[in-house]
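See below for the structure under consideration.
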Amino acid sequence: PRSSTQQFRVAMRKLAPLAILTVALDLLILCICVLHLPSVAERAKVPFEVSEDGDRVTISSIIDASAAHGLKQGDEITAWNSQPVRDAEYLEFCADRESIGASAVVDYRRNAKGFSSTVTLVPYYPSLRFVIITAFVGLAFWLIGVYVLLNRPDEHAAGILHWCIILMSATIFLTQGNIVQGDGYSVFARELFLIVYPMAGAMFLYFSTLFPLPKLGRKRIKATVIISSAVFISAFAALSFLAAIRTGGAAAFHTFQMTYDVCHALLLFYGFGTVASMIHSYLVARTREERQKLEWIMWGFVVGPTPFIALIIVPELLLSNDLVPEEFATLFMVVVPLTLAISFLKYRILDIGVLINRSVVYAVLTMFIGAVYIAAVFLLTSAIGGRTISDELLFVIALSLTVAIVLNPLRQGVQRFVNTTLFPARMKYRESVKAISTEIASVLSTDQLFRIVISIVGRMLPVSKAAVYQYVNGMMMLQNVERENLVARFALSEKHAAEVALPRIYALPSAVSFHRPDVDVSREELLRKLGFSVGMPLLNESGTLLGMLLVNPRIETKRFDEGEIDLFSTIVRESEEALDRLQLQEKLILEREEKRHAEELNRLKSYFVSSVSHELRTPLTSIRMFADTLRDNNGTSARRRKEYLDIIVGESERLARLINNILDFSKIERGIKEFHFAKINFLEVVKRSLAAMRYQIEMEDATIRVRMPKTLPAIIGDNDALEEVIMNLLSNALKYSLENKDISVNVRTHAHHVLLAVADKGLGIS
């Protein structure tokens, strides 16, 4: 599998210019969003909570008495800096346009009398928890969106999903913050929020009409109808907000607020439409796999936005107030990128795959769970305490997280112990079967298969011991065993092998708690002889016995129930298929290897015959040529005749050496080569070898430089064999020295040994 860096490089090479531009735009959006976060932390609010009663806005609680300057619960707010106040949203809007610590004049009524007071604005968010959660959730969306684009830059549905996620990320990042007078960027960020807010919902609805199957007509028409409505309302909301910011008046704000309420209503329509479209796709899905893909998407789309819609959007429409702090609902939104990531990892949604190993998944999930846990503790403790995070609270959070981390492995260990001891086969039967198939399907050899089978049995069934026997040539041979040594092999005649080669479970009557036709209790003698309570034969497709898997219950008085025997039978069936496959593979590999070996032998034989023919032909040609010359030319001088006879003798000796080599090869191949060891003078051996090669050296016009001491200690060896070794070395040195035939022979003592070195300046050996 490719590494993450390799994946990224390959993805970037495949990207079209438009996709590269899109990634650049994504980065620009992320930068704008991150730059907006400080204004969220600096957002101001009035130092009291209000509620609406018809056209009256009354104080429901005091947040900061020192900043409220005499205002009390039950006072009716009538004006803010001389602008009439008719709803709670207008107070929030006015506070957004001020800074923390700024002052404002508030007109109010108490007991039908009018009063005025100067209040000081306090932080909208008493701690950084909302900013942290917003950044965490928004970044999770953005990363998933970019990942979708990098993997499927040419897929229309994937492109729409990319923009759904990026717009959702921008919506979360660009949550309402402080609007500084004269600061164009803060106004731009709020305007951008009003544009992407409805657009995200529209894009999700449009995506639901494309995935998993297109519906509701042509793409262009759907896109025009769905997206144009979002464009219209977002443009109107942005313009009306800009007018409200410029004037600061209540009338302009109320126009914007009506538009914003319409935007929320449209978002509800988009949300319900998306869920309805997904449900329709789920109901008409033709396969279970398609439904499983949709289940994860639906889970994310329902669980993520539902708290935000139910606790934030709907209450703002009906009550002009949130039911819970916004960070609670925002935290739920992280479910959407999480379920999308699971969909990519498990089902390759839109052909988007994630190359990642299990250890990385565990690490990421652990970090994710830890982050969510810390965020939840931050939210709950600070919300209940109504204060910012202090050192003591941080200590409590760290301590509780440490306790959770320490106790969780203990809890998991106890759970595993109970499951494997009391309910090993009943617990998650389907998951067990799937795990068995996955593990056994990955084996590459019979030894590995038997080890894995024993491991699976020991892990999934309450057994005290388990063993696998393989049936080969009338013998049952032990291949692997768990927790106890057993008889290594025993004979099993063909008759008895045929009797037990049936697809059934053999068991002692006391070993099973039920009766069933496929459970045979008539083989009690065989099972007791082997020392086991339950066994099942391993058969191939033709019904031939391959072996047997045998087990004993963990407690002697414990009986296997029906579910445990079914799981045992499943292990045997999966093992049969794997063993049959491995034996077939081994047979094919053996046949292929035999064929390759035969072809190699034929090639070597042809090469040998060709080489030998060439090597023999050369001296024979010389012998024939000089013999004919001596026979036909009576006028040859005595010196010439001696020279020709020396050549004939030299070539005859060369031919004899070649023939002796061939005979030696034959003896070595048949294992009958004999050596006769005796105490010999190695210097004499070297001299005889050089003398025997003198003719060939002269014919090759080679230079031989010999360095030998006058005496050497006697050695034990085969005289003739050593001569052949030295002549072979000299012959090779001559043969592979094409131009510079300069050969050296060096004989010397080395430690307690005698050393001979033959060196040349030829081609060399790789």
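Observations on the model:
- All positions within the range 661-670 that are farther than 15 Å from V609 by Cα and without any contact (Cβ under 8 Å) to a residue 12 or more places away in the chain: K667, I668, E669, R670
- Of residues in the range 71-92 being surrounded by 14 or more Cβ atoms within 10 Å (Cβ to Cβ) and small (G, A, S), the one modelled with the highest pLDDT: A79
- Taking the range 524-551 as the range and being crowded, with 23+ Cβ neighbours inside 10 Å and among the polar types (S, T, N, Q) as the test, only S533 passes.
- F626 vs. criteria in a helix (DSSP H, G or I) and open to solvent by 100 Å² or more (accessible area, probe 1.4 Å): no
- Residues of the range 492-523 classified as surrounded by fewer than 19 Cβ atoms within 10 Å (Cβ to Cβ), among the hydroxyl-bearing types (S, T, Y) and under 27 Å from T446 (Cα atoms), total: 1
- Looking at L658, L683, L722, L730, just one residue is of a type outside the set (S, T, Y) and closer than 23 Å to V609 by Cβ, and that residue is L658.
- Qualifying positions in the range 145-183 - open to solvent by 10 Å² or more (accessible area, probe 1.4 Å), aliphatic (A, V, I, L, M) and either touching a strand residue (DSSP E or B) at 6+ places or on another chain (Cβ under 9 Å) or not in a helix (DSSP H, G or I) (or both): V180
- Contact map, the range 626-638: first residue over 15 Å from S652 (Cβ atoms), second residue not basic (K, R), Cβ cut-off under 7 Å, separation 6 or more or different chains; pairs are T629/Y644; T636/L630.
- Residue within the range 616-623 that is assigned to a helix (DSSP H, G or I) and under 60 Å from the mean Cα position of the chain (by Cα) present: no
- Residues of the range 264-283 that turn out to be crowded, with 18+ Cβ neighbours inside 10 Å and out of contact with any helix residue (DSSP H, G or I) (no Cβ under 7 Å at 6 or more places or on another chain), as a count: 0
- Each residue in the range 100-144 was checked for being farther than 20 Å from I172 by Cα and either open to solvent by 60 Å² or more (accessible area, probe 1.4 Å) or not polar (S, T, N, Q) (or both), and 21 pass.
- For the range 207-216, the criterion of being open to solvent by less than 30 Å² (accessible area, probe 1.4 Å), within 30 Å of F93 (Cα to Cα) and either more than 26 Å from the chain's Cα centre (by Cα) or among the small types (G, A, S) (or both) is satisfied by no residue at all.
- One residue stands out among those in the range 555-591 that are over 17 Å from S455 (Cβ atoms) and of a type in the set (S, T, Y): the one that is least open to solvent (accessible area, probe 1.4 Å), which is S569.
Okay, residues lined up against (1) out of contact with any Leu (no Cβ under 6 Å at 6 or more places or on another chain); (2) basic (K, R); (3) closer than 17 Å to P38 by Cα:
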| site | (1), (2), (3) |
| --- | --- |
| A170 | yes, no, yes |
| Y185 | yes, no, yes |
| F193 | no, no, yes |
| A200 | no, no, no |
| L205 | yes, no, no |
| G217 | yes, no, no |
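- With respect to the stated conditions, L545 fails to be over 30 Å from N732 (Cα atoms) and at pLDDT below 85.
The values are calculated or read from the model by the stated rules, or taken from the named source; none is laboratory data. Since this is a predicted model, take the numbers as computed values, not measurements. Every residue, glycine as well, gets a Cβ built from its backbone with ideal geometry; the counts of neighbours run over all protein chains shown. Areas reflect the complete protein model, heavy atoms only, side chains present, ligands, DNA and RNA absent. Shrake-Rupley method; radii C 1.70, N 1.55, O 1.52, S 1.80 Å.
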